[in-house]
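> Before I ask anything, here is the structure I am working with.
Just so it is clear, none of the values below were taken in a lab; they were calculated from the coordinates. All values reported here derive from a predicted model rather than from experimental measurement. Note that each Cβ is placed from the backbone with ideal geometry, even for glycine, and that neighbours are counted across all protein chains shown.
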Ligand SMILES: [Zn+2]
């Protein structure tokens, strides 16, 4: 039962949950950013588009309900006190979030980025109403060249 390499595990839950895009280019970077914020092992909910799935204008009502239900389950089960919502964009078509590109084919990276910020802001407002006892924060992961910066949104 204990064959093979062993990896570290802590039985304690983090008090923070982060909603991130499933895009593998961003996951490790988002975790590094959260570690610098004092959350080395946050709970994660990875969805296409990240927190954009939580906004009231999500693609379909069913998608939003599913995302909110999963998030509520994690927050209640782990007694999360902080919710970090993330979405991402970039300075080129290739650096964009695939979900945003699907929703806005042909738009410039700047126009798509503005749409992402608007929707991330909406998701943050909605999450604050859904989870009144939780500290909700939102960050835009902005890819430019070979770097990513995390810009606070809605503050
Ligand atoms: Zn994405």
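> Per the Cauchy relation, a quarter of the hull surface: what is the mean projected area of the convex hull of the alpha carbons in the chain, in nm²?
Values: hull surface 42.3 nm².
Averaging across all directions leaves 10.6 nm² for the Cα convex hull.
> Using only the alpha-carbon atoms, how far is helix 24-36 inclined from the longest principal axis of the chain? Give it as 0 to 90 degrees, nearest 10.
For 24-36 against the chain, the angle is about 60 degrees.
> Kindly express, to the nearest 10 degrees and within the range 0 to 90, the angle between helix 61-78's C-alpha long axis and the longest C-alpha principal axis of the chain.
30 degrees
> For Cα pairs less than 8 Å apart in space and 6+ apart in sequence, what is the mean separation divided by the residue count of the chain, i.e. the relative contact order in percent?
Numbers: 256 pairs, mean separation 36.5, N = 155.
24 percent.
> Which order do the peptides 73-79, 115-121 take when ranked by the mean count of other beta-carbon atoms within 10 Å per residue, highest first? List each step's numbers first, then the result.
Working: 73-79: 13.1, 115-121: 20.0.
By packing density, highest mean first, the sequence is 115-121, 73-79.
> For the chain, find the longest principal axis of its Cα atoms and tell me its angle to the long axis of helix 109-130, 0 to 90°, nearest 10.
50 degrees
> Now, a different point. Take the alpha carbon gyration tensor of segment 1-71, find the square roots of its eigenvalues, order them as a ≥ b ≥ c, and report rounded if a/c is under 1.5; if not, report prolate when a/b exceeds b/c, else oblate. Write down the numbers at each step before the final one.
Working: a/c = 2.16, a/b = 1.84, b/c = 1.17.
The shape class here is prolate.
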